[in-house]
Structures are given as structure tokens and as C-alpha cells.
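This is the structure, below, for whatever I ask next.
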Amino acid sequence: MRPFKEFLILIGKQSLYFGEGRHKDTQNLQKGEVKGTEVELYIANLLRRIINLQVQNDILTREDISRLGKMLYNFLKEWNLDVAFRRFYREIAEIGNADPLTAPFGRIYLEFVDDAELLAILPWEYLSYGENDHFLGAHKDFKFDLVRRISFQSQQGIFSYTPKPAALEKANILLILAEPKNRMMEFGAEQISAYFEALLAEDRIGLKIISQPTFESFPEQLDYLQKEGFKPDVIHFAGLGEINENSGFVGLIDSKNDEKIDWVEDRKFIEFLNAFLPNVKLVFLHACLGGMVGDFSAKKGMGLQFLQSKVPSLVAMQAPVKPQVAFDFAQVFYASLLAGEDVARAVTSGREKLCFELQEKAVGEGGKKDEFNKRVNPYGDKSFGIPVIYITTEEPFSLIEVGKKESGQSGEPTVYYECQNRPNPRCVRIKLVERDEQGCPVCGGPLVAIQKQGGATNLDEGSRGGQSAQRVSGARVPVPEKTKGGKASPDQSFVLPTPEQTPKTTTDTEVQVILFLAANPKDSTRLRLDEEARRIKEALGRSKHRDKFELEEIWAVQIPDLRRALLDKQPGIIHFSGHGSALGRIYLEDPSGNGQEVSAEALGNLFKLFKKYIRCVILNACYSEVQAKEITKHGIPVIGMTSAVPDKTGVVFSEAFYDALGAGENLEFAFDLGCSAIEMDQLKKEDMPVLLKP
């Protein structure tokens, strides 16, 4: 671990204590007295209000941001802090060309006394030192961390901190996504959930996702997780935030209109989560104004309310922020955490991302998305100072323990990708499980493959949406009529008509048409759909009822292809193989070969028109249980997937399923045989499909 030096600044209304170290012992700290900074305080507060306006990032020029940073330092300088801090800064910043992996860095703690309210609400993350804009929260050489710290005072007047949690081999993350339907393109919940699902490949996290919670459903969803024994180490809320003079708010989904927001006050939101908070180490508020201070002495604001529950660390946005900016920050933050960095270093990494290579997604006319445009403009807008970190521990902590061999790991090495620009201090912690065509997410540099000994992970074999994250969707999660994991209950038995039991619209001599639909958009992970189709052909071709089935294949399927195939082929079995998302959508292809979303509702309504022909639908795609439930409403039995399905699992299931159908077995038997094949192949049981009946 790199060495570091610490500097504590304890700010009150009329006095300030400061000195090297992190211990709040006023006897060993120097004391400064405030001298007349009313004008600069007024201007800084004015700039703070501009930052908090929901306007474009570039309303403040680089000169404005520079002036704000210098004003913040001048407050401290007027308290006679300058000499001590200059010495501390030079020891860190002027080391020269030392190895960035071993050179010490500086850590600055800001702590406020309750009466320092006008100072506590200022955006200290823009604090800069010197004439050359050395912003301490996002230093150009990655040499400083800027951390806000909260302590707790007992009735006896003794100050204390939350115990520092131990690093974990694996951290459980609860992701809460609340995205009003009319803001889906703007907000990007799909992008957020896909990112977290991809993190599962490193086997360093467990993941549960609550999607579209309402005020009524949210406590029931949490109760389900609690009964399941899930204990989150991280709570990540992604949605809308607001604050007024009294409270902070987050937006859940209105239960009567999913395009509207149901604002929930901070205390009530935290009350919902109370049962989980004793185990939580980190809260990430991926929402506007989650980290903004309302009334500091009364601890008003969503972030401050969480900290009063003694959550060890909180990361939040202290001003309105573009969704893509918050997402860029979050990606680098979690990459650093999973590489073993502590929470403060991880936040600094994320701020560096916003400073030195901010990616903005332009939205053209008609809602068409342009390509990402990278622009390098250090400190060019307000984004880098919006993320704020609070800790209630005496010092930052690492969430993930690295370097320890996990029990049961053996076999082939795991492949990771790292930035070739190492030891670039901003890139050294980045490890990716898939090669990104755009390069390093921090600097854009080329990625090189490395190997880590441990459990075998085949990165050439895609996942149909991620690794096995379980989604908590709907108010009451356990669906009684669901058959999960291999054995169908006798009372749930129903039969797929064999050629001798064809529907009234056909004759006994007609064959059962199986429509195989394959879609692997060029902007998605490669799947082995050709291998799945080959095995289905072989299973049917060798069966005793091979003359009773006709396999029709449509590749790179687009929406018109699907509609025409249903009209022309009148299939009895529809088998879709491709990508699905955690928000309940499947992906077909558009005319250019990129992914085109199809919602569960739209798919169900289409199949409803052809239900007189359709006897079964198989959705071999991640999270297709959502679509399965929707289609089942129209009287059609469906097989779907509860989680992100590894490619091999889908192939193994399909082969055994059609072995059974070709032998004349019914749907339930075929489903059970497919699940048995997954077990026999020693694949993960949590990846088992589900069979839903009308």
C-alpha cells in the first residue's frame, strides 16, 4: 500500500483548528481565528447557488471555477493556516519524478462543527491551492484525496467515530433503480444495471436489483430480500433526487402512473432501509442533490440523514448532474473499489475521470444517439466537483480485500485487461473483465491482457446479459405458479400437444413448426447462437419423431421479420435466442445491425394475436422471466430465465429440451430434462430456467 500523509482541518463558525494527522485532538492542533471574509463568503455562496442550478455544465467558465477554488482556500488562509498547509502540500506535490505507485500521497480531512453551517454548505470539492489551479479534490497528478468527515458527540461531550469495517472478499450490492417511464432515454437505468451485472464476472460482488419501486411495493421487496437472508454491504440508489429547506427527497415510481414520480422524504426512505443499515458499509446516491447540505446543524439532506444512521461512508452528488456524468464517475469508482483501493482513493479516481476525459453523450434530433465524443478539457466545467464523499470512520477503508486466494479456486487463470499506460497514476487501478474497444475508461489508452490465477472464466464465451444477478421485480416476488430449477409439481402439469394432439386449425398430418429466432446485435456481446441451432437440429434430426417437426430459422431477426414469420409459418413453438436485459426487454436487430429493444408488453401483445397456433414459447435470454410473465397472461406457456444466463447453460438446456420433444415427451418432461442436463454438466443451479403456465 502506498504511504500517505494526512492533514486535518476542523472548521467552526469563529475558529479553525488544523494540523498534520487525522486525530481531532485540539491540544495538538494549531488554532486560527476568523478575520473578515464576509465578501468572499458571499461570492462563494453565490457561485454555489449557480452550481446547483439545473443548467448546462458550461454555464460556469474555467475562470469562474478557478476563482471559486481560490476563494475557498482564502477562507482557510485568513485563519493563519497557510504556512502549515504550504509545508504539507510541498512535501507531497514536489517530490519530483518519483514512482507514482510508491510515492506518498496526501489526504485532507474536512470536519465541521455544528455552528459552521454557512461554511459546511460550501462546495469544498473545488478547493484549490496556489496560482496554477491545483484542485485538491481532483489533483492533476492524483496526489491528494479530499474527504469530508462526520463525528458523533456523546452526552458527555466525547467525540467518536464509527468503527472501521474490515475489507471483504466479496461485497453484496443492492441496486435500486427508479426510472420514470417518460425519462428512460434520458436517465439510463438500462446502462447502469448492465454495468453492475458485468461486474459479477470478477466474482467480487453479489448483486440484487430492485427495479421501479413504488411507495407500496418497496417495503415488500425489501422484506422479501430480508427473508431471503440477503445482507447488502453497499446500497446504490439510482434515480431522481431533490431537496428543500426542510428535507431531502428521492423519487420512487407512482403506483398509478409509471410516468410520474412519487417523492419520498429522506427519513421515510431511510426507515424503509433500516433493517439493512447495520451491515451496510457504503451508500451511493446516484441522484441529483443527494449529497447537498440543507441545514447542517439539523443534519437536513438525504446524505446527512444516512450518515446519522452511522453508515461508514456515503458517496453522493451535491448538485444537479447529467446522468452520463454520474455514470462515468460510478464506473471508475467501482473499478477502483474492486481493485482494492479505499473509498477515498476510489472517489478521487472518479473525479479524475470527470476532469481529464469527460465523455458526454450528445442526443441529436429525433432522439437519435450520436457516438460518444471524448473531449479533454481539464477543469473545464463543474462536473469534477459534484461528487462528494463523507466518512463516519476516522479514516477511509477498503471495501474489497485483494491478493487473498479464495477457497475452492483452482484451474485455469482468469483473464483481465489493464491499461497499457501503467503506471499512469489515474489508470493503475483499472481492471476490466472484457476488452473495451474504446480503450481504458480513464485515459482511452490501449488495453493489454493479463492473467490472474484462480477460478476458470472463459471470456470468449458470452453471457446473455451478464452473470447471475437476481432481480427483485414486482411487489410480491415469489410467484406461486412458477416452477423453478428442474422439477415441475404434479398439480402444475400441462402438456405440449404432440403431432397427434395438434390444434384444431391443423390436420393430423401436419408437422409442428419450430420457429428459431436468433439475434446477436453487433453492439452486444458475442453469443454462440450457431452452436445452439446446430444442437437443436441434431436433437430433432436423430429423434424418432423427426418427421413431425420442422425447424425454421431466422437470423439477425428484425421486428418485420418476426411479424412476417408468425404470419407465414404459423409456428407451434417459438424459440428466441439472444440478449435480454434486467429491465425486462429483449434485443432484436435494427436495419444497421445494432440492438433494438422490444418490451415485454409489446412482445406479449404480438404473441396474443397468434395464440391459436402457439403452443409454447422459449426465451433463451437473460432475465426473460419478465417477458415470460407477460406472455403467459395471454394463455401461452413460456420458459424463461430468471437471471443472466451464461451461453453454455442456454445451449445445454436447449439440446436436452428438444431431445425430449423429439422423443414424444410432453412439455413438462422436456423442461425437467433440460434442467437435469444443466445439473449434470455441473453448471450453476441459480441459472436454471423457469416454466410458467397460464
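Just the residues that are open to solvent by 50 Å² or more (accessible area, probe 1.4 Å), under 24 Å from A171 (Cβ atoms) and either in contact (Cβ under 8 Å) with a residue 40 or more places away in the chain or not in a helix (DSSP H, G or I) (or both), please, taken from the range 230-278.
K231, N274, A275
Say we look at the range 279-312 and pick out the residues that are in a loop (DSSP other than H, G, I, E, B) and without any contact (Cβ under 8 Å) to a residue 24 or more places away in the chain; which of these is surrounded by the fewest Cβ atoms within 10 Å (Cβ to Cβ)?
So, considering only residues that are in a loop (DSSP other than H, G, I, E, B) and without any contact (Cβ under 8 Å) to a residue 24 or more places away in the chain, the one surrounded by the fewest Cβ atoms within 10 Å (Cβ to Cβ) is A298.
Failed condition for N132, given (1) assigned to a loop (DSSP other than H, G, I, E, B); (2) crowded, with 23+ Cβ neighbours inside 10 Å; (3) polar (S, T, N, Q), with all others met?
(2) is the only condition that N132 fails.
Would you pick out the residues in the range 581-595 that are in contact with a strand residue (DSSP E or B) (Cβ under 6 Å, 6 or more places away or on another chain) and open to solvent by less than 10 Å² (accessible area, probe 1.4 Å)?
Within the range 581-595, A582, I586, L588 qualify.
Still on this model: Taking the criterion of being of a type in the set (F, W, Y), more than 28 Å from the chain's Cα centre (by Cα) and open to solvent by less than 20 Å² (accessible area, probe 1.4 Å), would at least one residue in the range 611-624 satisfy it?
Checked the range 611-624: no residue is of a type in the set (F, W, Y), more than 28 Å from the chain's Cα centre (by Cα) and open to solvent by less than 20 Å² (accessible area, probe 1.4 Å).
Quick check, is G674 under 25 Å from the mean Cα position of the chain (by Cα), within 22 Å of L527 (Cβ to Cβ) and either of a type outside the set (K, R) or not in a helix (DSSP H, G or I) (or both)?
Criteria not met by G674.
Let me ask something additional. Quick one: which of K164, K143 is within 27 Å of F276 (Cα to Cα) and basic (K, R)?
K164
All but one of (1) over 34 Å from the mean Cα position of the chain (by Cα); (2) part of a loop (DSSP other than H, G, I, E, B) hold for Q682; state the number of the condition that does not hold.
Condition (1) is where Q682 drops out.
Let me ask you something else. Can you tell me which residues in the range 77-117 are modelled with pLDDT of 85 or more, closer than 19 Å to R148 by Cα and out of contact with any helix residue (DSSP H, G or I) (no Cβ under 6 Å at 6 or more places or on another chain)?
Of everything in the range 77-117, those that are modelled with pLDDT of 85 or more, closer than 19 Å to R148 by Cα and out of contact with any helix residue (DSSP H, G or I) (no Cβ under 6 Å at 6 or more places or on another chain) turn out to be L81, F85, F88, Y89, F105, R107, I108, Y109, E111, V113.
Within the range 188-204, is there a residue that is in contact with a strand residue (DSSP E or B) (Cβ under 6 Å, 6 or more places away or on another chain), open to solvent by less than 30 Å² (accessible area, probe 1.4 Å), among the charged types (D, E, K, R) and at pLDDT below 90?
yes
Is one or more of the residues making up the range 168-175 among the aliphatic types (A, V, I, L, M), assigned to a loop (DSSP other than H, G, I, E, B), modelled with pLDDT of 90 or more and surrounded by fewer than 18 Cβ atoms within 10 Å (Cβ to Cβ)?
For the range 168-175, residues among the aliphatic types (A, V, I, L, M), assigned to a loop (DSSP other than H, G, I, E, B), modelled with pLDDT of 90 or more and surrounded by fewer than 18 Cβ atoms within 10 Å (Cβ to Cβ): absent.
Yes or no: E216 open to solvent by 70 Å² or more (accessible area, probe 1.4 Å) and more than 26 Å from P165 (Cα to Cα)?
Taking the combined requirement at face value, the residue satisfies it.
While we're on this one: How many residues does the range 556-589 contain that are at pLDDT 90 or above and either charged (D, E, K, R) or within 20 Å of F653 (Cα to Cα) (or both)?
Matching residues across the range 556-589 total 14.
The values are calculated or read from the model by the stated rules, or taken from the named source; none is laboratory data. Note that this is a predicted model, so its numbers are computed, not measured. Virtual Cβ from ideal backbone geometry, glycine too; neighbours counted across all protein chains shown. These area figures cover heavy atoms from the full protein model, side chains too; ligands, DNA and RNA do not enter into them. Shrake-Rupley method; radii C 1.70, N 1.55, O 1.52, S 1.80 Å.
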